Amino acid sequence: GVVIAPDKPAHRLNHRQLPDGADARTIWELHRWAEMTRLAMHGWLNDDVPAIRTAQLWLEDWTVRNPPGMGINWTSPLEAALRLINFTWFDALIRAQGDPALIKTQDALVRSIVPVHAAWIWRYRSAGSSANNHLLGELASLVVAVSRWPALAAIACPAETAWDLLGHEVLHQFAPDGGSREQALH
């Protein structure tokens, strides 16, 4: 029963204190694009072009309803990173399927989704979530995306830079005794 204003700038939303005890993770989980990627997997495995087109329509709708920087889905760079990782898989599946109409639509989706997500993740990457484990996901998404679309390096960072930063952050996940620095209880 809680509606979080989709037209409110993300930086003005406190995702940690939503009305009536709503949990942002419930919303984020649905917006990580896992379902679209799974539907594309099905479409690729079973040569089901209509299924893939449905997933593309869902992504087109998402981009219209969730403009960059607006609403709850832009409050966490980790969430954008999870979407970008899923979209990278999604793109590979569509191109492997090979349908020219799907690929034409996919080209448009790449232009509308990938640069915005990569730039957002790089600009707003996490600076201190517990052991900064969120940064691991953000940097991993940049490694994956910039490796697939090298031109993204101009608006984010080169894949090598993201890889080096990722390696550095992995080492920061552990205390000198080998225990995890992550202190979250869930």
Worksheet, complete the sentence: Over region 127-176, the set of residues within 20 Å of Arg111 (Cα to Cα), open to solvent by 30 Å² or more (accessible area, probe 1.4 Å) and not in a helix (DSSP H, G or I) is Trp149, Ile155, Pro158
Worksheet item: Has region 1-20 got any residue that is outside any helix (DSSP H, G or I) and within 18 Å of Phe90 (Cβ to Cβ)?
Response: no
Worksheet item: In this structure, does Arg111 turn out to be part of a helix (DSSP H, G or I), of a type in the set (Lys, Arg) and either touching a Lys or Arg at 6+ places or on another chain (Cβ under 9 Å) or open to solvent by 30 Å² or more (accessible area, probe 1.4 Å) (or both)?
Response: yes
Worksheet entry | Where a residue in region 99-119 is under 17 Å from Leu57 (Cβ atoms) and its partner, wherever it lies, is surrounded by fewer than 18 Cβ atoms within 10 Å (Cβ to Cβ), with Cβ under 6 Å and at least six apart | Asp99/Val49; Ser112/Thr63
Worksheet item: Name the pairs: first residue in region 1-24 and among the small types (Gly, Ala, Ser), second residue surrounded by fewer than 10 Cβ atoms within 10 Å (Cβ to Cβ) and not in a loop (DSSP other than H, G, I, E, B), Cβ to Cβ under 8 Å, at least 6 apart or on different chains?
Response: Gly1/Asp20
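The values are calculated or read from the model by the stated rules, or taken from the named source; none is laboratory data. These figures come from a predicted structure and were not determined experimentally. Every residue, glycine as well, gets a Cβ built from its backbone with ideal geometry; the counts of neighbours run over all protein chains shown. Quick note on the areas: whole protein, heavy atoms, side chains included, nothing else; ligands and nucleic acids left out. Shrake-Rupley method; radii C 1.70, N 1.55, O 1.52, S 1.80 Å.
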